[in-house]
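A.B. asks: Take a look at the following structure, please.
Each reported figure results from applying straightforward, stated rules to the coordinates on display, with no laboratory input. Note that the coordinates shown come from a computational prediction; the quantities given were computed from them, not determined experimentally. Here Cβ is always computed from backbone atoms with ideal geometry, including for glycine, and neighbour counts include all displayed protein chains.
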Amino acid sequence: MAAADSSAEPAAGSSGTNESVTKIEPIRMPTVEEMRAQEVWNNCAVKSVASGVMGGGLGLMMGLFMGALENPIMHDTMTGRQQFIFTAKQMGQRSWGSCKAFAVMGLVYSAAECIVEKARAKHDIVNTAIAGCVTGGAMSARGGPKAACIGCAGFATFSVLIEKFFDRHT
Amino acid sequence: MATPSPIPAGISKEQAFSMAQTEMEYRVELFNKLAQTCFRKCVDNRYKEAELNMGDNSCIDRCVSKYWQVNGMVGQLLSVGKPPM
């Protein structure tokens, strides 16, 4: 069926193109391992734990970076080695706090989005908005209901924008 | 899926073969209709990515189970006798 370019008669499908005929792959049914992997990743708990771990990693990196940026340089009170230990401890504390915050954020967002999408049975931008609202509200619930509302709206807007940014090719 | 019914004694080989053929055609038609219906209902036709999302998966689960249930019910009603509509 696929004719070479040097053949005498032109191939029916590639009369317009100059390049060689692209091979059309047959439709491949998923293997058992692929189906099992899909089942595993469809589980809300697995997905949210994985997101939490990734968020924790991101928070760790960010905390290390931010902690390294602000260090009070006190040349007169401590020696170099003490300063190094102090800076390292501060960086560690900072990054651990940031890691926890980001891990919780990732876990809550992923769990909310997974549950909402499973319940609605649709893949929409509404899922990300609702999940963002839940995450923002949960994170800023300490400041009272007004802060929770503002956190909900803000984080929902943020997550919708990020989703639209990563999803350019419509 | 329903277990295939055992061939009752006294039926010739050609009859059994044609029965099996009819059954097979019915099954294939059922599968095609099911796949087409649930695909049209559940999968958004903007085709942003090649894999099924979780929402699509749960929609397909529900669609197939409903279709199968209705199919079973209608089959039962038809096999009992035509109900007065």
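A.B. asks: Once each part is reduced to its C-alpha centroid, what is the distance from region B:61-76 to region A:88-108 in angstrom?
C.D. replies: Using only Cα atoms to place each centre, the spacing works out to 50 Å.
A.B. asks: Show me the ranking of peptides A:151-159, B:12-20 by mean Cβ neighbours inside 10 Å, starting with the highest.
C.D. replies: Values: A:151-159: 18.3, B:12-20: 10.6.
In decreasing order of mean packing, A:151-159, B:12-20 become A:151-159, B:12-20.
A.B. asks: Further question: Can you give the average number of partner chain beta-carbon atoms within 10 Å of each beta-carbon in peptide A:112-124, as a whole number?
C.D. replies: The per-residue average across the peptide is 4.
A.B. asks: If I model a spin label at A:C149 and B:Q36 as a point 7 Å from the Cα along the Cα→Cβ vector, what separation in nanometres do I get?
C.D. replies: Placing both labels 7 Å along Cα→Cβ, they lie 5.2 nm apart.
A.B. asks: Sticking with this structure for a sec: Over 12 Å apart: what share of the alpha carbon pairs of region A:124-169 falls there, rounded to a whole percent?
C.D. replies: Counting pairs separated by more than 12 Å, the tail of P(r) holds 54 percent.
A.B. asks: Please order B:E51, A:E117 by the number of other Cβ within 10 Å, starting at the fewest.
C.D. replies: Listed from fewest to most nearby Cβ atoms, that is B:E51, A:E117.
A.B. asks: Could you check the simple spin-label distance between A:A101 and B:Y47, using points 7 Å along Cα→Cβ, in nm with one decimal?
C.D. replies: 4.4
A.B. asks: Assign unit charges at the C-beta atoms only (+1 for Lys and Arg, -1 for Asp and Glu), then state the dipole size of region A:25-170 relative to its Cα centre in Debye, rounded to the nearest 20.
C.D. replies: The dipole of region A:25-170 has a size of about 380 debye.
A.B. asks: Going down the list B:K13/B:K33; A:K47/A:K122; A:K122/A:K164; A:K122/B:K66; A:K164/B:K66, which pairs span over 24 Å between their C-alpha atoms?
C.D. replies: Checking Cα-Cα distances, B:K13/B:K33; A:K164/B:K66 exceed 24 Å.
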